[in-house]
1. Give me the net charge for the shell around Glu107: Cβ to Cβ below 11 angstrom, other residues only, Lys and Arg +1, Asp and Glu -1.
2. Which value, to two decimals, describes the C-alpha radius of gyration of segment 230-282 once divided by 2.2 N^0.38 Å?
3. Return the sequence-ordered ³J(HN,Hα) values of segment 26-40 in whole Hz as given by the Karplus equation 6.51 cos²θ - 1.76 cosθ + 1.60 applied to θ = phi - 60°, using x for Gly and Pro.
4. Between Thr170 and Glu416, what is the FRET efficiency for a Förster distance of 45 Å, r being their Cβ-Cβ separation, to the nearest 0.05?
5. Principal axes first, then extents: for the Cα atoms of segment 346-496, list largest minus smallest coordinate on each axis, whole Å, largest first.
6. Using the Cα centre as the reference, give the magnitude of the dipole from point charges on the C-beta atoms of segment 187-325 (Lys, Arg: +1; Asp, Glu: -1; all else neutral), rounded to the nearest 20 debye.
7. Hey, which lysines would be in cross-link range of Lys454, C-alpha to C-alpha under 25 Å, not counting anything within fewer than 8 residues on its own chain?
8. Over all directions, how big on average is the projection of the convex hull of the alpha-carbon atoms in the chain, in square nanometres?
Amino acid sequence: MTLAAQNFTALDVGLTWRNSFAQLGKRFFTPLAPWPLPAPYWVGRSASVARELGLNALWLNSPELLQVLAGNQPMAGTQPLASVYSGHQFGQWAGQLGDGRAILLGETGGLEVQLKGSGLTPYSRMGDGRAVLRSSIREFLCSEAMHGLGIATSRALCVIGSDAPIRRETVETAAVVTRVAPSFIRFGHFEHFCHHDQPAQLKILADYVIDRFYPACRASAKFSGNPYAALLEAVSERTATMVAQWQAVGFCHGVLNTDNMSILGLTIDYGPFQFLDGFDPGHICNHSDTQGRYAFDQQPNIAYWNLFCLGQALLPLIGEQELAIAALESYKTVFPAVFERLMFAKLGLLDASANTATVDQGLLQDILQLLAQDRVDYTLFWRRLSHVAAGTHAPSVRELFLDRSGADAWLLRYSERLALIPRGLAADLMLETNPKFVLRNFLGEQAIQASKLKDYSVVETLLRLLESPFEEHAGFEDYAASPPDWASSIEISCSS
Ligand code: AMP
Ligand code: MG
């Protein structure tokens with residue numbers, strides 16, 4: 001299996017392709033075609049991502065597009081490539097990495113399209129270039145779930161499966177995810193050119209990112225004449241906002257290495273991620289993370305550590321260390337401000353004034369402590385509380401706690417505070433801030449198990465629910481429930 005794909009005529013699906021990354025220069029990538037995937041079949045498809053791309057949704061039923069996105073036939077107008085980057089993994093410099101199993105087709109309508117799991121590249125190191133069905137379904141569903149939650153993320157057009165065997169801890173089967181994002185450039189791309197002492201490439205990369213995505217950096221008043229410091233500040237702010245949203249919704253990424261950090265502040269590289277079930281601030285979702293470096297409550301600090309690495313990589317362009325430090329400072333104000341705003345929104349408290357600030361802070365701190373103490377289901381709690389505020393008939397909130405008197409005391413204080421706000425306003429805010437549906441591990445597992453039996457209906461149902469997670473979706477209560485007992489045996493590692 002080599003470059004056989006090039007023997008086929010290219011398919012034209014009516015998209016206009018640009019390949020701006022490919023124009024950065026040969027030090028940035030290796031041109032190469034995806035490997036063919038034997039006997040591919042559709043596993044999951046997103047009509048909403050097709051719309052974003054300007055792709056006629058009918059193509060998502062076509063055997064031709066299936067072959068193209070499986071890597072079996074070229075797409076007209078694309079220039080497939082694998083990019084090189086480096087990075088820090090688990091706090092250590094890891095040296096050269098790169099797209100070890102992802103191939104960038106090009107960019108259409110301002111969005112890059114990547115095939116993940118599409119074969120060996122020069123950057124595959126010890127890997128086989130493939131991805132398994134299990135992790136591909138998780139990435140597909142979680143990308144769309146995060147988007148539904150309003151959190152910046154790469155998207156996923158589809159998952160394509162094949163019965164080709166792939167060896168992990170056990171033998172599994174192969175899959176390819178078509179991922180979509182304005183750019184897949186990572187902190188690690190900058191670290192690569194800094195570390196390998198290639199200042200010209202570092203500048204080309206930074207200028208490319210600024211011109212395409214952060215044009216305002218050229219006119220920054222604060223960092224006048226230093227667009228690179230302004231870039232670092234802008235990335236810090238986007239990253240701070242993204243991580244604050246993760247913390248508010250209870251999302252644990254699992255592998256926050258600098259090569260998994262998007263320069264656009266997008267959530268990328270879904271691996272051993274998890275939405276919290278019971279609220280455990282120190283939760284470690286990745287079984288390979290023995291030290292808990294990437295535990296849930298470490299994420300805000302780790303993101304800052306990663307930004308510091310980006311700052312070091314940009315230093316040759318920024319010039320003065322003080323400027324880089326000043327640019328990073330924004331993280332320390334934006335993260336707590338966004339996090340607090342989101343947490344108060346979860347409580348329906350939208351009118352924080354000097355009069356109520358102390359009460360509100362107390363309510364927030366105390367409920368987080370009670371939730372942690374009893375490992376209360378995080379998503380269920382907030383959704384039920386929203387229904388209490390709305391006055392709708394809903395299951396009891398206090399029953400989620402072991403410490404019922406503690407819960408009662410807090411709920412009383414909370415209802416007194418809520419009485420100061422127009423009910424409808426608070427309830428509306430809460431019902432659009434506290435999702436009913438998140439991609440819990442057990443739901444992903446159900447989709448995976450059914451798909452292994454060639455039943456893709458669970459993937460389809462989950463996609464529909466997670467695309468609009470704040471809607472009630474009557475009749476789908478099982479998908480909004482706390483995990484069944486068997487779920488505790490699901491182990492999610494880096495293996496994907
Ligand atoms: P990750 O932890 O999944 O973000 O991957 C870290 C690095 O390993 C990246 O350079 C990936 O492209 C590469 N990688 C992960 N899995 C594989 C695989 N099965 N084959 C080739 N490269 C891989
Ligand atoms: Mg990665």
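Bear in mind these aren't lab numbers, they're just calculated from the coordinates by the rules spelled out. Nothing here was measured: the structure is a model prediction, and the numbers come from that model. FYI the Cβ positions are ideal-geometry reconstructions off the backbone, even for glycines, and counts take in every protein chain you see.
1. Details: positive: Arg18, Arg212; negative: Glu112.
Value of the local net charge: +1.
2. Details: Rg = 11.9 Å, N = 53, 2.2 N^0.38 = 9.9 Å.
Here the Cα radius of gyration is 1.19 times the empirical estimate.
3. 6, 5, 8, 6, 10, x, 6, 8, x, 6, x, 10, x, 6, x
4. Rounded to the nearest 0.05, the efficiency is 0.25.
5. 57, 29, 29
6. Details: 6 positive and 14 negative charges, 66 e Å.
Charge dipole, segment 187-325, about its Cα centre: 320 debye, nearest 20.
7. Result set, ordered by chain and number: Lys116.
8. For the chain, the mean projected area of the Cα convex hull comes to 23.5 nm².
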